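The values are calculated or read from the model by the stated rules, or taken from the named source; none is laboratory data. As the structure is a computational prediction, the values presented were derived from the model and not from experiment. Quick reminder, even Gly has a Cβ in these numbers, built from the backbone with ideal geometry, and neighbours come from all protein chains shown. Note: areas computed on protein heavy atoms with side chains; ligands, DNA, RNA excluded. Shrake-Rupley method; radii C 1.70, N 1.55, O 1.52, S 1.80 Å.
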Amino acid sequence: MTATNIPPEFNGKVITIDGPAGSGKSTTARLLATRLGFEYLDTGATYRTVALMVKRGNVDLADDDAVNATLAQFELRFEARADANHVFLHDEDITSAIRTPEIDKLVSPVAAHVGIRKFLAAWQRERAAQGSVVLEGRDTGTVVCPNADVKIFLEASLETRARRRQRDFRKAGLPDSLDELQKDIVRRDRADTERAHGPLKCADDAVVVDTSDLTIDAQVEKVYNVCLERLNARG
């Protein structure tokens, strides 16, 4: 899918894409950003990065001093490549290290930590302030950028989401039991929607897109058209 003649309505705008695990957020947001020539900001990767730092440092999330010391070492950058959006902690490529079952389980308690959420939301908001950015996560349209120009909320059936995760895990050579993946998604959904701060929910002014029966190209095209319609409607 090639970008040509990007409409001027998109210039400098902020687009948020939220949704649960396996709904297609990351791939859709990355390809949409590429099509628009925008920066792609994977907010989930920021939480996964902190989860990796917590794991490596054996940090007790109940120890505020230890958490703050860990956050002080947070230095993240993204690098868009043809295969994926690569994530670097300092100079280390941690793209694969933050996409493991162990980090999947650890990221929920990390994301529920008030101090970590405040720190990362501020970091994400500062990056988005420059405009011409596509953010994806779980609270980008409700907490991080509530005044975003366009808000999208992706959803998909549990089976579809689990099969997508299964394909990802197989590519990475990780355990890929469909039953276990479904259970893990249900657990993640519960943790994400029930946490007190920045819970996963659809913004009142977001456009809901069900991706269950859509190909990746169709998802991106649909989201692109929603963005165009919303921006034109705003005048």
* Asked: Counting only residues that are in contact with a helix residue (DSSP H, G or I) (Cβ under 8 Å, 6 or more places away or on another chain), over 11 Å from Ser23 (Cα atoms), open to solvent by 20 Å² or more (accessible area, probe 1.4 Å) and not aliphatic (A, V, I, L, M), how many does segment 143-162 have?
  -> 1
* Asked: Looking only at residues in segment 73-99 that are basic (Lys, Arg) and part of a loop (DSSP other than H, G, I, E, B), which one is nearest to Val59 (Cα to Cα)?
  -> Arg99
* Asked: Name the residues in segment 183-207 that are within 20 Å of Glu229 (Cα to Cα), out of contact with any Gly (no Cβ under 9 Å at 6 or more places or on another chain) and open to solvent by 60 Å² or more (accessible area, probe 1.4 Å), would you?
  -> Asp204
* Is it fair to say Glu75 is in contact with a His (Cβ under 9 Å, 6 or more places away or on another chain) and modelled with pLDDT under 95? -> no
* Considering Arg99, Arg125, which residue is over 20 Å from Leu52 (Cβ atoms) and basic (Lys, Arg)? -> Arg125
* Asked: Under 7 Å by Cβ, and 6 or more places apart or on different chains, what pairs join a residue from segment 26-52 that is within 13 Å of Gln124 (Cα to Cα) with one that is of a type in the set (Phe, Trp, Tyr) and surrounded by fewer than 23 Cβ atoms within 10 Å (Cβ to Cβ)?
  -> Tyr40/Phe78; Asp42/Phe78; Thr46/Trp123
* To do: Check Tyr40 against each of (1) open to solvent by less than 10 Å² (accessible area, probe 1.4 Å); (2) modelled with pLDDT under 95; (3) farther than 17 Å from Val226 by Cα and name the one condition it does not meet.
  => (1)
* Go through segment 195-221 and give me each residue that's farther than 26 Å from Arg125 by Cα and in a loop (DSSP other than H, G, I, E, B). => Thr211, Ser212, Asp213, Leu214, Thr215
* Asked: Which of the residues belonging to segment 118-146 are in contact (Cβ under 8 Å) with a residue 12 or more places away in the chain and in a loop (DSSP other than H, G, I, E, B)?
  -> Gln130, Gly131, Ser132, Arg138, Asp139, Cys145, Pro146
* Pull up segment 151-167, narrow it to residues that are out of contact with any Gly (no Cβ under 9 Å at 6 or more places or on another chain) and charged (D, E, K, R), then point me to the one that is modelled with the highest pLDDT. => Glu159
* Asked: When Ala62 is evaluated against the numbered criteria (1) surrounded by fewer than 17 Cβ atoms within 10 Å (Cβ to Cβ); (2) touching a residue at least 24 places away in the same chain (Cβ under 8 Å); (3) part of a loop (DSSP other than H, G, I, E, B), which criterion, by number, is the only one it fails?
  -> (2)
* **Scope segment 102-142; condition surrounded by fewer than 20 Cβ atoms within 10 Å (Cβ to Cβ) and touching a strand residue (DSSP E or B) at 6+ places or on another chain (Cβ under 9 Å); matching residues** => Trp123, Arg127, Ala129, Gln130, Gly131, Ser132
* To do: Any residue in segment 221-235 that's farther than 14 Å from Gly24 by Cα and surrounded by 10 or more Cβ atoms within 10 Å (Cβ to Cβ): show its pairings with residues that are of a type in the set (Ser, Thr, Tyr) and at pLDDT 95 or above at Cβ separation under 8 Å, as long as the two are six or more apart or on different chains.
  => none
* Kindly indicate whether Ala172 is hydrophobic (A, V, I, L, M, F, W, C), closer than 25 Å to Ala233 by Cβ and exposed (fewer than 14 other Cβ atoms within 10 Å of the Cβ). => no
